[in-house]
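Engineer: The structure under discussion is supplied below as structure tokens; questions concerning it will follow.
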Amino acid sequence: HQGTPSLPPPYQHKMSDELKALLGTEPLINQAGEKMDLAAVVGSAPLVGIYFSAHWCGPCRNFTPQLVQFKAKLAEDGTQLPIIFGSSDKDDAAMKSYFSEMSGFHAFPHGDARIEALKSKYSVSGIPWLVVVDAKGNLVMNEADTDVPNGAAAYSGWVAKASK
């Protein structure tokens, strides 16, 4: 008699190797400062945002509340958009203080090498800057922060572009 095969715990989502290669396998952090596995952060979401910003940047401080509201509105409609913050803050304390304003976001630890590598990959020339990738790590929208004021229509456009 064979038992039923064991199922993986619900937090062990199947994630593409390409997304792991893009975002790395080192832990991210949540707002409590706890280490989080990338698969748990991304789950089964079709899109992932990578948000480059810093508290010292005035335009960033203006845009961040809009992005937080955008993410919250999507969540109200049942859509999860994981957003990972890549800080350009000068120190860990400034990063953590600013990150505390980003409800529901996750972050690369301050000074993480992935931040500069991703900024280089996507030719980030200023902040705030939002990059949207699909679940396979393919670029969907670079400089997506310009789309955020369009609300849910922006997300729908990204999903349509990702599925092509």
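The values are calculated or read from the model by the stated rules, or taken from the named source; none is laboratory data. Predicted, not measured: the structure shown is a model, and the values here were computed from it. All Cβ positions, glycine included, derive from the backbone under ideal geometry; neighbour counts span all protein chains shown. To get the accessible areas, we keep the full protein, side chains included, count just its heavy atoms, and leave off ligands, DNA and RNA. Shrake-Rupley method; radii C 1.70, N 1.55, O 1.52, S 1.80 Å.
Engineer: Name every residue in the stretch 129-164 that is within 22 Å of residue 18 (Cα to Cα), in a helix (DSSP H, G or I) and of a type in the set (Ser, Thr, Tyr), in order of residue number.
Structural biologist: Listed by number, the list holds a single entry, 155.
Engineer: Continuing with the same structure: Scan (1) over 15 Å from the mean Cα position of the chain (by Cα); (2) of a type outside the set (Lys, Arg); (3) surrounded by fewer than 16 Cβ atoms within 10 Å (Cβ to Cβ) for the single condition residue 69 breaks and write down its number.
Structural biologist: Going through the list (1) over 15 Å from the mean Cα position of the chain (by Cα); (2) of a type outside the set (Lys, Arg); (3) surrounded by fewer than 16 Cβ atoms within 10 Å (Cβ to Cβ), residue 69 breaks only (1).
Engineer: What are the residues in the stretch 20-33 that are touching a Pro at 6+ places or on another chain (Cβ under 9 Å) and surrounded by fewer than 16 Cβ atoms within 10 Å (Cβ to Cβ), if any?
Structural biologist: Scanning the stretch 20-33 gives a single hit, 26.
Engineer: I've got another one for you. Output the number of the condition that residue 126 fails; it satisfies all remaining conditions of (1) small (Gly, Ala, Ser); (2) assigned to a loop (DSSP other than H, G, I, E, B); (3) closer than 29 Å to residue 17 by Cβ.
Structural biologist: (3)
Engineer: Restricting attention to the stretch 122-141, does a residue exist that is polar (S, T, N, Q), closer than 18 Å to residue 46 by Cβ and surrounded by fewer than 16 Cβ atoms within 10 Å (Cβ to Cβ)?
Structural biologist: So far as the stretch 122-141 goes, yes, one or more of its residues are polar (S, T, N, Q), closer than 18 Å to residue 46 by Cβ and surrounded by fewer than 16 Cβ atoms within 10 Å (Cβ to Cβ).
Engineer: Here is a further query. Quick one: would you say residue 113 is at pLDDT 95 or above, among the small types (Gly, Ala, Ser) and buried (at least 19 other Cβ atoms within 10 Å of the Cβ)?
Structural biologist: Considered against the rule, which asks whether it is at pLDDT 95 or above, among the small types (Gly, Ala, Ser) and buried (at least 19 other Cβ atoms within 10 Å of the Cβ), residue 113 comes out as no.
Engineer: Sticking with this one: Is it the case, given these coordinates, that residue 90 is farther than 22 Å from residue 27 by Cα, charged (D, E, K, R) and either touching a residue at least 40 places away in the same chain (Cβ under 8 Å) or surrounded by fewer than 21 Cβ atoms within 10 Å (Cβ to Cβ) (or both)?
Structural biologist: no
Engineer: Sticking with this one: Among (1) crowded, with 18+ Cβ neighbours inside 10 Å; (2) within 25 Å of residue 137 (Cβ to Cβ); (3) in contact (Cβ under 8 Å) with a residue 40 or more places away in the chain, which single condition is residue 55 missing?
Structural biologist: (2)
Engineer: Select from the stretch 44-91 the residues that are outside any helix (DSSP H, G or I), in contact with a Pro (Cβ under 6 Å, 6 or more places away or on another chain) and more than 25 Å from residue 16 (Cβ to Cβ) and list them in ascending order.
Structural biologist: 53
Engineer: Right, next: What do you reckon, is residue 64 in contact (Cβ under 8 Å) with a residue 60 or more places away in the chain, under 25 Å from residue 27 (Cα atoms) and open to solvent by 20 Å² or more (accessible area, probe 1.4 Å)?
Structural biologist: So residue 64 does not fit the description; no.
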